[in-house]
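Some notes on the structure that comes next.
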Amino acid sequence: MTDLPFTTIEAVDAVFLYIFGIAALLLVGITATMVVFVVRYHRRRHPQPQPSPSSKLWLELVWTLIPTLIVLSMFWYSWEGYLKLIDVPPDALKVQAEGRKWSWNFSYENGRSSDRLYVPVGRAVRVAIVSRDVLHSLYIPAFRVKKDAVPGITTYVWFRAPEVGSYDLFCAEYCGVSHSSMVTTVEALPEAQFSAWLEKSKKPSAAGGPALLSRHGCTGCHSLDGSRRVGPSFLGLFGRQTQVLSDGRERTLTANQDYVRRSILQPQADLVQGYPPVMPSYQGQIPPDELQTLVDYLCSEPLSAAPAGP
Amino acid sequence: MAKQNDRGFLQASDRQPLLFDWIFSVDHKRIGLLYLYSVGAFFLAGVALGVLLRLELIAPGPTIATAQTYNALFTLHGVVMIFLFIIPGIPGAFGNLMLPLQIGARDVAFPRLNLLSWWLYILGAFMALTSLFSGGGPPDTGWTFYVPFSSETPTNVSLALLAVFIIGFSSILTGVNFVTTIHRLRAPGMHWGRLPLFVWSLYATAWVQILATPVLGITMVLLMVERLIGLGLFDPGRGGDPILYQHLFWIYSHPAVYIMILPAMGVVSEIIPVFARKPTFGYKAIAASSVAIAAAGSLVWGHHMFVSGMSDTAILVFSLLTFLVAIPSAVKVFNWVATLYRGSISLEPPMLFALAFVFLFSIGGLTGLILGSAATDVHVHDTHFVVGHFHYVMFGGTGFAFFAALHYWLPKVFGRMYNMKAATIAWAIIFVGFNLLYFPMMLVGLHGMPRRYYDYLPQFQQLNVIATAGSWVLAAGLLLMFVNLYRGMRRGAAAGSNPWQAATLEWVLTSPPPAESFSQPPQVTHGPYDLQQAGKP
Ligand code: HEM
Ligand SMILES: [Cu+2]
Ligand SMILES: [Cu+2]
């Protein structure tokens, strides 16, 4: 790490060390004084209180002034650290992160997009953060960076992965039922490997069903193996007898292509019984050809042929 | 006649008091007890919810509940603990019970308003409970109700908002009552320099209640309108701004932290001198710092928003102000410790809880420095570090002060003493359980576990298991403490009018105090901590 340029990790950890260090000293000092007084002046050893002044100006001035200097120094040091978090190196790679219920999508300048954040190791990366629906927060503990995804504005973080590897990435701002599964990774690759990945299959619409499901965040809530998540599983969806609530009326329908398409574009039109009505509409979010691919895939062999699951 | 007088205000006439004699009483002591029972019940409910939350977190993946249930549980836990326990807790219960006694007044300035504020509180609580079983089901927004999620979720958020709005009014009325009482009803000789520090703290708190709570009311109404007719104030698609909501919310909710902690500091400032047999060191500094905290604390709300997308200039200003507001709290801690110097200290239960307060509050305050610092807050914001930190302040601080107040003042209120040994054991169990519960939570947050997480990655499990075990120890200690207090107040030995040899005015009266606390205003002749004068007005 020593031969690498500056990282956000060092900027923040230095401040942690400074504040925790002083805080620990103060806590030990206060506690030790308290314990010593309690032991020394316990009524058993010290049956009568001894007079001592009940205020002393110089002492009180000192113990107001010293904490003032301490907190001012902490403030200053911390602000210096924060400035490094917002000072993006000019050569940073630009990526955009979109938060949505309940997955992340990362897109690169050349049109490549992914549900994991691939980055070249050692190089600064600037992630612009947007949200499609509610607040989210992009948080990478290993790099000490976090910023909310706020509908209507674009925020950012920058970081530099110090070593090749996989780092956890969380959503840190509560966003609803699957907040805690809005988890993915940062994959730091050697520069050459990263470039190869970036150039591979740039055209997103070339992607097949499974890739589209994950890119649009469907698998955040729907499983492919029959297990129950926030929404009904895709396994055995096509042709399933489904109890739904349409316009407040209960009815049973057989899932066909039309139903699947409607469920993607107007999820509130037919609400499947037993699941929370939380799915966002994808109207205008998915290009028509991709929508067709998705519907075809959901109604095709590998998913529909399986035994009817929950 | 003499027999009935033994029970003082608890039985003012010669017949057994009925429920109606309590819930429509305008006697500040009865209203205080109504508050005490209600906040106590909500505290126990909140603890049960907290223990369930911890149980779910003992292992990754589903354990005892679904994700939606977990989200509803932490929302309910937060709302109950904040709005039904900790904000009304010490002022509502011990403020009402003790404030008029401590300044030698007959009652508070507006006794009927006082009853109204309890009723509003109960009405709000009832509505909050109704929101669980009606409409779209239990709210799932967290106690902070952040938009846009809270304006979209189909759960019954609107009713919960209305509940919070009404409870806010209850809090404002208590504030108005206390400020007026302290200004107008002090007994002759009770000048400002002789006010007990608990009264000073209630005074500062009351101003925050009056000035800050209306902002909460406005915020809740705006959010309700947003939900009901789609006003769009917080919707960026229509010129609104979700960050505006956060400003409005914290303009109240940060000062609310001082509504929670100042009365607790007041309790501790009462107890330490009595059990150290020394006048408080730096009475003026403690009184002044209460007011300073209340004033400066209204300018630091932005420290909850360092990663919200707010401007860097705002971060600079709020970080600086936050660090400055730490100073008066530090001064108080030094004063409490200095009061022990050359005293004659006895470690009876109220003192044990008060000393534990100083320790736990120090941890809460010092970890708060990490959150006030912009660079480090970015890493720990919205993680379990924050959850651990605010439990240290609110539970380790205010919660422990509440327990200290129970052990200090209940013998006055009921005229009976609890079992000291059981109380001491309960204290030790609670203290150990508390640290076992919340210290690991701070550590797991430092390692990066976000808060409000139903599920987590395997590397976080070990610390979560320890925290959950801690919650059981803590719950056991609380159970022992409450059972012991309950038995003591029913059947304990007579406590006498001044069991701790304290010098404030409430100890001049018999225990329980008579229905007419001071029929003649006493002539006050000494300061609140002139311990040689204990027992004289
Ligand atoms: C035995 C006692 C308690 C236990 C076991 C407990 C446990 C917890 C846990 C596990 C969480 C949520 C973690 C998450 O973010 O997923 C939490 C949140 C919270 N607790 Fe407690 N707690 C207890 C007592 C208290 C007390 C006494 C207070 C206040 C006086 C309090 C106030 C809160 C608040 C405000 C939240 C945040 C809720 C939210 O995120 O909306 N708790 N507690
Ligand atoms: Cu989230
Ligand atoms: Cu705050």
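Take the alpha carbon atoms of chain A, find their radius of gyration, then divide it by 2.2 N^0.38 Å using N residues; give the quotient.
Normalised Cα radius of gyration, chain A: 1.44.
Within the protein assembly as shown, what whole-number % of the accessible surface is contributed by carbon and sulfur, with the 1.4 Å probe and all protein chains included in the calculation?
Solvent-exposed carbon and sulfur of the protein assembly as shown make up 65 percent of the total.
Determine the calculated [θ] at 222 nm for chain B from helices alone, applying -39500 (n - 2.57) to every DSSP H run no shorter than 4 residues and normalising by the residue count; nearest 500 deg cm²/dmol.
-21500 deg cm²/dmol
Hey, got the dipole for the protein assembly as shown? About the Cα centre, +1 on K and R Cβ, -1 on D and E Cβ, debye to the nearest 20?
2920 debye
Give me the residues in segment B:282-297 whose solvent-accessible area, probe 1.4 Å, is reduced by at least 20 Å² once all protein chains are included instead of the chain isolated.
By number: B:Gly282.
Assign unit charges at the C-beta atoms only (+1 for Lys and Arg, -1 for Asp and Glu), then state the dipole size of chain B relative to its Cα centre in Debye, rounded to the nearest 20.
Its charge dipole is roughly 1660 debye.
Once whole DSSP H runs in chain A are found, which of them have Cα atoms spread over 24 Å or more along the helix axis and a mean Kyte-Doolittle score of at least -0.5?
Qualifying helices, which must be both long enough and hydrophobic enough, are A:8-40, A:57-86.
Before I look further, what does segment A:209-305 give for accessible area per residue, probe 1.4 Å, in whole square angstrom?
About 48 Å² of surface per residue is accessible.
Just tell me the longest site-free run in chain A, where the sites are GluC sites (Glu not before Pro) in a DSSP loop having at most 11 other beta-carbon atoms within 10 Å.
A:164-310
Hey, what angle do you get for helix B:283-296 against the long axis of chain B, alpha-carbon based, 0 to 90 degrees rounded to 10?
30 degrees
In terms of the ratio Rg/(2.2 N^0.38 Å) built on C-alpha atoms, what value belongs to the protein assembly as shown?
1.03
For segment B:32-533, with the dipole built from +1 on Lys and Arg beta-carbon atoms and -1 on Asp and Glu ones, taken about the Cα centre, which of B:Gly496, B:Gln102, B:Ser289 lies farthest toward the positive end?
It is B:Gly496, whose Cα lies furthest towards the positive end.
Hey, if you put +1 on the Cβ of every Lys and Arg and -1 on every Asp and Glu Cβ in segment B:32-533, which of B:Gln520, B:Thr174, B:Leu347 ends up farthest toward the positive end of that dipole?
The one lying farthest along the dipole's positive direction is B:Gln520.
What does the net charge come to around B:Phe334 if you take all other residues with beta carbon closer than 12 Å to its beta carbon, with K and R at +1 and D and E at -1?
For residues surrounding B:Phe334, the net value is +1.
Could you tell me which trypsin sites (Lys or Arg not before Pro) in segment A:27-117 are loop residues by DSSP with no more than 11 other beta carbons within 10 angstrom of their beta carbon?
Those that pass, being in a loop and sparsely packed, are A:Arg44, A:Arg45.
Note down the nm distance, to one decimal, between modelled labels 7 Å out along Cα→Cβ at B:Ala59 and at B:Ala493.
Taking the two extended label points, one gets 5.0 nm.
Any chance you could check the Cα centroid distance between segment B:399-451 and segment B:50-78 for me, in angstrom?
Going from one Cα centre to the other spans 23 Å.
What distance in nm separates the simple spin-label points at B:Asp14 and B:Phe110, each placed 7 Å from Cα in the Cβ direction?
Going from the B:Asp14 label point to the B:Phe110 one covers 3.8 nm.
Given 0.36 nm per residue, what is the gain on full extension from A:Val35 to A:Ala196 after removing their alpha carbon distance, in nm?
Stretched out fully, the A:Val35 to A:Ala196 stretch lengthens by 51.6 nm.
What is the magnitude of the charge dipole of segment A:93-198 about its Cα centre, with +1 placed on the Cβ of each Lys and Arg, -1 on the Cβ of each Asp and Glu, and no other charges, expressed in debye to the nearest 20?
180 debye
State in Å² the accessible area per residue of segment A:8-86; use a 1.4 Å probe, count heavy atoms of protein chains only, and round to the nearest integer.
Value returned for segment A:8-86: 57 Å² of accessible area per residue.
For chain B, report the accessible area per residue in Å² (1.4 Å probe, heavy atoms, rounded to an integer).
32 Å²
In whole Hz and in residue order, list the ³J(HN,Hα) couplings for segment B:307-313 that follow from phi through the Karplus curve 6.51 cos²θ - 1.76 cosθ + 1.60, θ = phi - 60°; x for Gly and Pro.
My calculation for segment B:307-313 gives 10, 7, x, 4, 5, 5, 4 Hz in order.
By how many degrees, 0 to 90 and rounded to 10, does the Cα axis of helix B:67-79 deviate from the longest principal axis of chain B?
For helix B:67-79, the angle is close to 30 degrees.
Along the charge dipole of the protein assembly as shown, which of B:Tyr203, B:Met127, A:Met74 sits closest to the positive end, that is, farthest toward it, with unit charges on the beta carbon of Lys, Arg, Asp and Glu (+1, +1, -1, -1)?
B:Tyr203
Against the globular-protein guess of 2.2 N^0.38 Å, express the Cα radius of gyration of segment A:8-86 as a ratio, rounded to two decimals.
The reported ratio for this selection is 1.62.
Need one number: nm distance between label points at A:Leu25 and A:Val164, each 7 Å from Cα along Cα→Cβ, rounded to one decimal.
For the pair A:Leu25/A:Val164, the computed spacing is 4.3 nm.
With bins 10 Å wide starting at 0, give me the P(r) of segment A:93-198 over every alpha carbon pair, in whole percents.
16, 53, 27, 4
Anything losing 10 Å² or more of accessible area from the isolated chain to the full protein assembly: pick those residues out of segment A:134-151, probe 1.4 Å, ligands and DNA/RNA ignored.
A:Val134, A:Leu135, A:Tyr139, A:Pro141, A:Arg144, A:Lys146, A:Lys147, A:Asp148, A:Val150, A:Pro151
To the nearest hundred square angstrom, how large is the accessible surface buried between A and B, total for both chains, probe 1.4 angstrom?
The buried area between A and B, both sides summed, comes to about 6600 Å².
Could you run the Debye sum over the Cα atoms of segment A:209-305, one equal point scatterer each and no solvent, and tell me log10 of I(q)/I(0) at q = 0.17, 0.22 Å⁻¹, two decimals?
-0.71, -1.29
Using alpha carbons only, how many degrees (0 to 90, rounded to 10) separate the axis of helix B:197-229 from the longest principal axis of chain B?
It is inclined by approximately 30 degrees.
The values are calculated or read from the model by the stated rules, or taken from the named source; none is laboratory data. It should be emphasised that the depicted structure is a prediction, and the values quoted were computed from it without experimental measurement. Cβ sites come from the backbone with ideal geometry, for glycine too, and all protein chains shown count toward neighbours. Please note that ligands, DNA and RNA were not included when accessible areas were found on the heavy atoms of the full protein model with its side chains. Shrake-Rupley method; radii C 1.70, N 1.55, O 1.52, S 1.80 Å.
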